[in-house]
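Each remark here refers to the structure printed beneath this line.
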Amino acid sequence: MKFLYSILFFALPFLSMAQEKASIGMSLAQVKHIYPNAQVDSNENGITLSRPDTCYQLDGTWGYRFKEDKLMWIFFHRSFKEINGTNFQKCLSSTRQLIKDFTHFYGKADTALPGDTTFIDPVKHRHWGYNVLEARWKNFNGMKIKIQFDFLGGKGDYAFLVIINYFDKDYPYYD
């Protein structure tokens with residue numbers, strides 16, 4: 001029984017990745033069947049399904065982008081417009097845990113880009129934003145995966161942005 005609890009405890013972070021049911025290559029109908037309440041958006045770039053969810057203590061949105069009825073891109077994003085040290089630390093902590101769990105599950109990232117992990121208050125020191133943390137897996141079972149936390153800034157408008165991306169191996173906009 002102790003072994004079973006150990007497995008469940010170990011698996012909990014991966015279960016919280018929240019999109020594990022959909023996978024790259026599925027059809028629109030398959031993903032709609034999995035997430036029947038997802039919102040549909042159609043435009044010149046294709047069809048995107050989206051749904052709200054919480055992932056690693058971040059309330060955000062999962063998106064599923066299709067091209068020619070094939071799921072090419074899965075993403076989660078959460079942005080914060082309230083810029084303060086608490087929200088910065090929340091994003092940093094969640095991103096670090098995501099990278100740690102993904103590394104355990106997918107193996108060592110092909111690229112790890114440590115940025116500036118200190119909170120620079122734009123009220124005290126104006127800046128144009130900066131990369132905080134990023135990790136990339138170039139090919140895991142035909143997928144490209146990227147996790148990133150950026151402090152966006154420009155012209156006095158700032159936001160924190162945490163993104164998880166799963167791309168088809170042929171998706172052109174990985175970098």
Checklist entry - Given the conditions (1) under 25 Å from Ala38 (Cβ atoms); (2) touching a helix residue (DSSP H, G or I) at 6+ places or on another chain (Cβ under 6 Å), and given that Leu133 satisfies all but one, which numbered condition is not satisfied? => result (1)
Checklist outcome for this item: Flagged in segment 23-41 as touching a residue at least 40 places away in the same chain (Cβ under 8 Å), closer than 17 Å to Phe75 by Cβ and assigned to a loop (DSSP other than H, G, I, E, B), in numbering order, are Ser23, Ile24, Gly25, Met26
Checklist entry - Does segment 67-79 include one or more residues that are out of contact with any Gly (no Cβ under 9 Å at 6 or more places or on another chain) and surrounded by 14 or more Cβ atoms within 10 Å (Cβ to Cβ)? => result no
Checklist entry - Out of (1) in contact with a helix residue (DSSP H, G or I) (Cβ under 7 Å, 6 or more places away or on another chain); (2) farther than 15 Å from Phe149 by Cβ; (3) surrounded by 12 or more Cβ atoms within 10 Å (Cβ to Cβ); (4) at pLDDT below 95, the odd one out for Lys21 is which? => result (3)
Checklist entry - Does segment 55-78 hold any residues that are over 21 Å from Tyr171 (Cβ atoms) and within 11 Å of the chain's Cα centre (by Cα), and which are they? => result Tyr56, Leu58, Arg78
Checklist entry - For segment 116-169, which residues satisfy the criterion of being charged (D, E, K, R) and touching a strand residue (DSSP E or B) at 6+ places or on another chain (Cβ under 8 Å)? => result Asp116, Glu134, Arg136, Lys138, Lys144, Lys146, Asp150, Asp168, Lys169
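Can you work out which of the residues in segment 106-148 that are of a type in the set (Phe, Trp, Tyr), outside any strand (DSSP E or B) and surrounded by 13 or more Cβ atoms within 10 Å (Cβ to Cβ) is farthest from the chain's Cα centre (by Cα)?
Restricting attention to segment 106-148, the residues satisfying the condition of being of a type in the set (Phe, Trp, Tyr) are 106, 119, 128, 130, 137, 140.
Retained after the next criterion (residues that are outside any strand (DSSP E or B)): 106, 119, 128.
Add one more test, that the residue is surrounded by 13 or more Cβ atoms within 10 Å (Cβ to Cβ), and what stays is 106, 119.
Details: Tyr106: 15, Phe119: 21 Å.
This residue is Phe119.
The values are calculated or read from the model by the stated rules, or taken from the named source; none is laboratory data. None of these values were measured; they are calculated from a predicted model. Heads up, the Cβs are rebuilt from the backbone with ideal geometry, glycines too, and the neighbour counts pull from every protein chain shown.
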